[in-house]
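Take a look at the structure below.
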Amino acid sequence: MARKPRIQTPTGMHDILPKDQPYYRKVYDVTDEIARFYGFERIDTPVVENFELYERGTGVSTDIVEKQMFTLKTRGGDNLALRPEFTPGITRSYIEHGMHNLPQPVKLYTYGQLFRYEHPQAGRFRQFSQFDFEVFGEESPAIDAQMIQIFYAILSGLKFKNLIIKINSIGDSQCRPYYRKVLSAFLKSNQHVLCADCRRRMKQNPLRVLDCKEEKCQRIRSQAPQMIDHLNDECKRHFKSVLEFLDETELPYHLDPYLVRGLDYYTKTVFEIFTEKSEDEETGSQSALVGGGRYDSLMKQLGGRDIPGLGAAAGVERIVSEMKERGDVMDVSQPRVFLAQLGDLPKKKSLKLMEELRKADIDVGESLGRDSLRVQLGRANRMRVDLALILGQKEALEGNIVIRTMSTGKQDTVKLEKVAAEIKKRLKRK
Ligand code: HAM
């Protein structure tokens, strides 16, 4: 009979196998540690939200909402979407739970899976993970600089070197409309050289043209008017202040007048963090490890109060891939003790003994499904344990167990109830 075709992971999605888990664990451990230090509390929002949240939050003219949403209609007729980013969901949660009643600022962080219908390629998937930090109710430019500092600290904690921070201000609803006009006029006079996508973007959201990776569009971009020359006094003051705070932190940053970010909600500060390597790739901003910025109008746009917000997120797969590429070796704690059993009664007693050793905080490897002592000790050898416990029929009947020192082959019989204490003593001696 012909074999049925194998079912594989959907395009752009992947398994995180046991061998890769330690990298992810490490990323989340460092994230947790820095979040705690800087006073961020963990929040988890649903993986699906109402589609409208992203239409109104992320923005209808963004690539994410226009082309990359995984949407679904429930049997009850609700239009839902798999979350493509965290920021709108966390902002919704702040509004829904009346977090404006809490002492401000409210600092929240999360990590988890996101979904974007992308063209899969290196570092770009349809299911991926981010860690994400958001601050609500804080206008001070100090917090813009601190957000950058936090992401820099996490990446440094993960041993990233040669990080590059790109920063810009994209103004606010007061000064950006005029800049859009100036930019539109410039683009219009050059539209014959723009790519087809940019000719379309030009009408919907001209700022996005500055984001285009096509060489011909980038050439035009270098002559385009810059937002920074059109900021109003308040945005100028804010940006100057952010840069002054950044100078104090001594973090290496570059002003990038064409950094606009692909999401509609940003106001004032926007930034991205790259490694030298990721910046060199021709994909440009697609390979940023971190992206973020201020979004002072998002809360109001989603029906909440006029409360400012600021945040950033990092792509975990991109981080893990660089950690693996540079050859980071993860310390996976291996048990130093192995339990081998021989016969029916010992096998039965082994289950209880394993629990007792766990409660005594001793990591133990085992191969309970195996009967042959030779096979079990072979496994213990491969695991490079220090001690093997051998529970045979005679020992089980007499309430004893054999402890074998793997390096010397020396064996001693001890009382079962004393085995945990004896193991601890011997491991300490090593
Ligand atoms: P974003 O720039 O869309 O921003 O994503 C942030 C980071 O997520 C990127 O720099 C990249 O490392 C990673 N990333 C994005 N898309 C993919 C993908 N398809 N595959 C793999 N990694 C990806 C946001 O998501 C904003 N919500 C950030 C933010 C938080 N702004 C304010 N608060």
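The values are calculated or read from the model by the stated rules, or taken from the named source; none is laboratory data. As the structure is a prediction and not an experimental result, all values here were calculated from the model. Neighbour counts are summed over all protein chains in view; Cβ atoms, including those assigned to glycine, are modelled from backbone coordinates with ideal geometry. Only protein heavy atoms, including side chains, enter the accessible area calculation; ligands, DNA and RNA are left aside. Shrake-Rupley method; radii C 1.70, N 1.55, O 1.52, S 1.80 Å.
Just wondering, is there one or more residues in the stretch 117-133 that are at pLDDT 95 or above, away from the ligand (no atom under 11 Å from the Cβ) and open to solvent by less than 50 Å² (accessible area, probe 1.4 Å)?
No; the residues of the stretch 117-133 include none that is at pLDDT 95 or above, away from the ligand (no atom under 11 Å from the Cβ) and open to solvent by less than 50 Å² (accessible area, probe 1.4 Å).
With the condition being farther than 22 Å from VAL402 by Cβ and touching a Leu at 6+ places or on another chain (Cβ under 8 Å), I'd like the strands (runs of 3 or more DSSP E) fully within the stretch 290-362 carrying at least 3 qualifying residues. Give the steps one after another, and end with the answer.
On the way: elements: 290-294, 309-315, 337-341.
Because the criterion is at least 3 residues that are farther than 22 Å from VAL402 by Cβ and touching a Leu at 6+ places or on another chain (Cβ under 8 Å), the strands (runs of 3 or more DSSP E) in the stretch 290-362 that meet it are 290-294, 309-315.
Across the stretch 58-115, what is the number of residues that are modelled with pLDDT of 95 or more, of a type outside the set (S, T, N, Q) and not in a helix (DSSP H, G or I)?
28
Quick check: is even one residue across the stretch 331-340 more than 30 Å from VAL30 (Cα to Cα) and exposed (fewer than 14 other Cβ atoms within 10 Å of the Cβ)?
Residues of the stretch 331-340 more than 30 Å from VAL30 (Cα to Cα): 338-340.
Now drop any that are not exposed (fewer than 14 other Cβ atoms within 10 Å of the Cβ), which leaves none.
No: the stretch 331-340 contains no residue that is more than 30 Å from VAL30 (Cα to Cα) and exposed (fewer than 14 other Cβ atoms within 10 Å of the Cβ).
Out of (1) in a loop (DSSP other than H, G, I, E, B); (2) buried (at least 18 other Cβ atoms within 10 Å of the Cβ), the odd one out for ARG3 is which?
Against the list (1) in a loop (DSSP other than H, G, I, E, B); (2) buried (at least 18 other Cβ atoms within 10 Å of the Cβ), ARG3 comes up short only on (2).
Which of (1) exposed (fewer than 15 other Cβ atoms within 10 Å of the Cβ); (2) in a loop (DSSP other than H, G, I, E, B) is the odd one out, the single condition ARG370 does not satisfy?
(1)
Every residue, every condition in (1) at pLDDT below 95; (2) charged (D, E, K, R); (3) under 30 Å from TYR152 (Cα atoms), yes or no:
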{"position": "PHE271", "(1), (2), (3)": "no, no, yes"}
{"position": "GLY292", "(1), (2), (3)": "no, no, yes"}
{"position": "ALA312", "(1), (2), (3)": "no, no, yes"}
{"position": "ARG318", "(1), (2), (3)": "no, yes, yes"}
{"position": "ARG326", "(1), (2), (3)": "yes, yes, yes"}
{"position": "ARG358", "(1), (2), (3)": "no, yes, no"}
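What number of residues within the stretch 170-190 are farther than 27 Å from ASP296 by Cα and either among the aliphatic types (A, V, I, L, M) or at pLDDT below 90 (or both)? Outline the logic, then answer.
Kept after step one, since they are farther than 27 Å from ASP296 by Cα, are these residues of the stretch 170-190: 185-190.
With the extra rule that they be either among the aliphatic types (A, V, I, L, M) or at pLDDT below 90 (or both), the set shrinks to 185, 187.
Result for the stretch 170-190: 2.
Taking GLN21 as meeting all but one of (1) under 21 Å from ALA122 (Cα atoms); (2) within 16 Å of the ligand (Cβ to nearest atom), write down the number of the exception.
Among (1) under 21 Å from ALA122 (Cα atoms); (2) within 16 Å of the ligand (Cβ to nearest atom), the lone unmet condition for GLN21 is (2).
Considering (1) surrounded by fewer than 22 Cβ atoms within 10 Å (Cβ to Cβ); (2) within 12 Å of the ligand (Cβ to nearest atom); (3) of a type outside the set (Ser, Thr, Tyr), say which one LYS73 fails and leave the rest.
With (1) surrounded by fewer than 22 Cβ atoms within 10 Å (Cβ to Cβ); (2) within 12 Å of the ligand (Cβ to nearest atom); (3) of a type outside the set (Ser, Thr, Tyr) applied to LYS73, the lone miss is (2).
So in the stretch 93-110, with the set limited to residues that are within 11 Å of the ligand (Cβ to nearest atom) and of a type in the set (Ser, Thr, Tyr), which one is least open to solvent (accessible area, probe 1.4 Å)?
Within the stretch 93-110, the subset within 11 Å of the ligand (Cβ to nearest atom) is 108-110.
If we keep only those that are of a type in the set (Ser, Thr, Tyr) too, we end up with 109-110.
Working: TYR109: 19, THR110: 4 Å².
Here the answer is THR110.
Report whether or not ASP44 is of a type in the set (D, E, K, R), closer than 29 Å to MET323 by Cα and free of Cβ contacts under 8 Å to residues at least 24 places away in the same chain.
no
I need a count of the residues in the stretch 402-430 that are more than 43 Å from the chain's Cα centre (by Cα), buried (at least 16 other Cβ atoms within 10 Å of the Cβ), not in a helix (DSSP H, G or I) and not basic (Lys, Arg).
Of the stretch 402-430, the ones more than 43 Å from the chain's Cα centre (by Cα) are 402-404, 408-418.
Adding the requirement that they be buried (at least 16 other Cβ atoms within 10 Å of the Cβ) leaves 402-404, 414, 416.
Remaining after also requiring not in a helix (DSSP H, G or I): 402-404, 414.
Imposing the further condition that a residue be not basic (Lys, Arg) reduces the set to 402-403, 414.
Final tally of qualifying residues: 3.
Is the stretch 13-32 home to any residue that is farther than 20 Å from PHE128 by Cβ and touching a residue at least 40 places away in the same chain (Cβ under 8 Å)? Steps first, please.
Residues of the stretch 13-32 that are farther than 20 Å from PHE128 by Cβ, as a first pass: none.
So far as the stretch 13-32 goes, no, none of its residues is farther than 20 Å from PHE128 by Cβ and touching a residue at least 40 places away in the same chain (Cβ under 8 Å).
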